[in-house]
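All remarks here apply to the structure that follows.
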Amino acid sequence: MSRDFDKDYWEQHWHDRPDADTASATDAAPLGAPNPYLSSETAGLRPGTALDAGCGTGAEAVWLAERGWTVTGADISASALAQAAVRAAAASVTENVDWVEADLTTWEPRERFGLVTTNYAHPTIPQLDFYTRIGAWVAPGGTLLIVGHLHGSTTTANGHHPPEETTVTAAAITDVLDPATWRVESAAEPDRTVDAPGHAGVQLRDVVVRATRLV
């Protein structure tokens, strides 16, 4: 069933999950941990400015800030951002993260970033259009890192089925990255098993694409 992932949807979603210490920022990283691909895919990058597009309760944004990045965490939900601010304060990185309440389908940043990442974000526009849009916010020489639900995924970490319109394949993402603009560094469709409260041993099927902006 198609869903309207608008502000009301996400406010309700995060209002029902109000504990920043246990709520997942991605719906696929239990106990508030950042997804594991963030570490592996950014290992060779020099910290600079970063945007977490659709940051939820801030697990990925705070993880980056702890490692020297100057981070903008943007999300449509005020409830999520309030939890993210608590998480940042607990990690003592408040000065390294700027939280922005914004609809990313219409918002435009004032600068481009050395890293733009999005992790299981579900916008009101088609997924591939969303990825193309946020890719425009990457500075030349910077990195776009996309983590999402693989098309055909059976569950998310909370045991739900991701709506079909929120799923993609690695090939679909790379097909919208113009080779004159982007160099694809990695494109994978990994599986992993996670435990979440009430849902042990959940098998996740993800899609992970990292690309460098050439111009």
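Quickly run through region 22-44 and pick out the residues that are at pLDDT 50 or above and surrounded by fewer than 18 Cβ atoms within 10 Å (Cβ to Cβ).
Going through region 22-44, the residues at pLDDT 50 or above turn out to be 32-44.
Of everything in region 22-44, those that are at pLDDT 50 or above and surrounded by fewer than 18 Cβ atoms within 10 Å (Cβ to Cβ) turn out to be Ala33, Pro36, Ser39, Ser40, Ala43, Gly44.
Among Leu145, Leu150, Leu128, which is more than 18 Å from Gly56 (Cα to Cα), hydrophobic (A, V, I, L, M, F, W, C) and touching an Asp or Glu at 6+ places or on another chain (Cβ under 7 Å)? Walk me through it before giving the result.
Working: Leu145 fails: more than 18 Å from Gly56 (Cα to Cα); Leu128 fails: touching an Asp or Glu at 6+ places or on another chain (Cβ under 7 Å).
Leu150 is the lone residue from the list that is more than 18 Å from Gly56 (Cα to Cα), hydrophobic (A, V, I, L, M, F, W, C) and touching an Asp or Glu at 6+ places or on another chain (Cβ under 7 Å).
Being small (Gly, Ala, Ser), in contact with a strand residue (DSSP E or B) (Cβ under 8 Å, 6 or more places away or on another chain) and either modelled with pLDDT under 80 or open to solvent by 30 Å² or more (accessible area, probe 1.4 Å) (or both) is the filter here; which residues of region 156-185 pass it?
Ala157, Gly159, Ala171
Might you check whether a residue that is part of a helix (DSSP H, G or I), open to solvent by less than 50 Å² (accessible area, probe 1.4 Å) and either over 23 Å from His15 (Cα atoms) or not polar (S, T, N, Q) (or both) occurs anywhere in region 105-127?
Kept after step one, since they are part of a helix (DSSP H, G or I), are these residues of region 105-127: 127.
Next cut, open to solvent by less than 50 Å² (accessible area, probe 1.4 Å) only: 127.
With either over 23 Å from His15 (Cα atoms) or not polar (S, T, N, Q) (or both) added as a condition, the list becomes 127.
Looking for residues that are part of a helix (DSSP H, G or I), open to solvent by less than 50 Å² (accessible area, probe 1.4 Å) and either over 23 Å from His15 (Cα atoms) or not polar (S, T, N, Q) (or both), one finds at least one in region 105-127, hence yes.
Those residues that are without any contact (Cβ under 8 Å) to a residue 60 or more places away in the chain and either touching a strand residue (DSSP E or B) at 6+ places or on another chain (Cβ under 9 Å) or part of a strand (DSSP E or B) (or both), I need them from region 64-77; list them, please. Working first, answer last.
Filtering region 64-77 for residues without any contact (Cβ under 8 Å) to a residue 60 or more places away in the chain gives 64-74.
Hits for region 64-77 are Leu64, Ala65, Trp69, Thr70, Val71, Thr72, Gly73, Ala74.
Looking for something of a type outside the set (Phe, Trp, Tyr), surrounded by 21 or more Cβ atoms within 10 Å (Cβ to Cβ) and in a helix (DSSP H, G or I) - is there at least one such residue anywhere in region 92-100?
No, every residue in region 92-100 fails to be of a type outside the set (Phe, Trp, Tyr), surrounded by 21 or more Cβ atoms within 10 Å (Cβ to Cβ) and in a helix (DSSP H, G or I).
Return the only residue of Thr143, Thr124 being touching a residue at least 40 places away in the same chain (Cβ under 8 Å) and in contact with a Gly (Cβ under 9 Å, 6 or more places away or on another chain).
Values: Thr124 fails: in contact with a Gly (Cβ under 9 Å, 6 or more places away or on another chain).
The unique qualifying residue is Thr143.
Let me confirm something: among Ala89, Ala85, Ala80, which residue is assigned to a helix (DSSP H, G or I), more than 12 Å from Asp52 (Cα to Cα) and open to solvent by 50 Å² or more (accessible area, probe 1.4 Å)?
Values: Ala85 fails: open to solvent by 50 Å² or more (accessible area, probe 1.4 Å); Ala80 fails: open to solvent by 50 Å² or more (accessible area, probe 1.4 Å).
That would be Ala89, the only listed residue that is assigned to a helix (DSSP H, G or I), more than 12 Å from Asp52 (Cα to Cα) and open to solvent by 50 Å² or more (accessible area, probe 1.4 Å).
The values are calculated or read from the model by the stated rules, or taken from the named source; none is laboratory data. Model, not experiment: these values are computed from the prediction. Positions of Cβ are backbone-derived with ideal geometry, glycine not excepted, and every protein chain shown enters the neighbour counts. We work out accessible area using only protein heavy atoms, side chains counted, and drop any ligands, DNA or RNA first. Shrake-Rupley method; radii C 1.70, N 1.55, O 1.52, S 1.80 Å.
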